[in-house]
Amino acid sequence: MLKVISFDLDGTLVKNKFADSVWLKGFPKLYAKEKKISETEAKKFLYSEYEKVGKENKEWYDIDWWFKRFKINEDWINLLKSYSHIIGLYPETNKILNNLYRKFILIIISNAKKE
């Protein structure tokens, strides 16, 4: 009998807009500022680096690791905070979780940083 249901966070319970904004806009903007290059150049470089590391590696999801790797002198927590206003659940998330929690143990397994 089914007892536990696990969910991923990004793209399952929460819309991808926050993660996409951090990784595809915010981080390249900081990188461009730090390295004194255009945002277009920063995006091209970073997207290539993201692909080299690959989604199957835990580092791909670790923003602290990326900041250290490229010696970014800003605080990555501030980057996350600057986009926190766009975190959003899918419209059906609360209803589904409210219906399921009475019958099952619900857990989230995610590569998202706890912070």
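State the number of residues belonging to the stretch 63-81 that are free of Cβ contacts under 8 Å to residues at least 40 places away in the same chain and not in a helix (DSSP H, G or I).
Within the stretch 63-81, the subset free of Cβ contacts under 8 Å to residues at least 40 places away in the same chain is 65-71, 73, 75-78, 81.
If we keep only those that are not in a helix (DSSP H, G or I) as well, we get 70-71, 73, 75.
Matching residues across the stretch 63-81 total 4.
Residues of the stretch 82-95 being open to solvent by 80 Å² or more (accessible area, probe 1.4 Å), within 30 Å of GLU34 (Cα to Cα) and part of a loop (DSSP other than H, G, I, E, B), which ones? Scanning the stretch 82-95 gives a single hit, ILE87.
Conditions tested, residue by residue: (1) out of contact with any helix residue (DSSP H, G or I) (no Cβ under 6 Å at 6 or more places or on another chain); (2) modelled with pLDDT under 95; (3) more than 24 Å from PHE7 (Cα to Cα).
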residue: ASP62; (1), (2), (3): yes, yes, no
residue: LYS68; (1), (2), (3): yes, no, yes
residue: LEU79; (1), (2), (3): no, no, yes
residue: GLU92; (1), (2), (3): yes, no, no
residue: ILE105; (1), (2), (3): yes, no, no
residue: SER110; (1), (2), (3): yes, yes, no
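Exactly one residue out of ASN99, ASN73 is under 27 Å from SER6 (Cα atoms), loosely packed, with under 13 Cβ neighbours inside 10 Å and of a type outside the set (A, V, I, L, M, F, W, C): that is ASN99. The residues of the stretch 96-115 that are of a type in the set (Val, Ile, Thr), in contact (Cβ under 8 Å) with a residue 24 or more places away in the chain and outside any loop (DSSP other than H, G, I, E, B), listed by number, are ILE105, ILE107, ILE108.
The values are calculated or read from the model by the stated rules, or taken from the named source; none is laboratory data. Since the model is a prediction, treat every value here as computed from it, not as a measurement. Note that we place each Cβ from the backbone using ideal geometry, even for glycine, and neighbour counts take in every protein chain shown. Ligands, DNA and RNA are stripped out before the accessible areas are found, and what is left, the full protein with its side chains, is counted by its heavy atoms. Shrake-Rupley method; radii C 1.70, N 1.55, O 1.52, S 1.80 Å.
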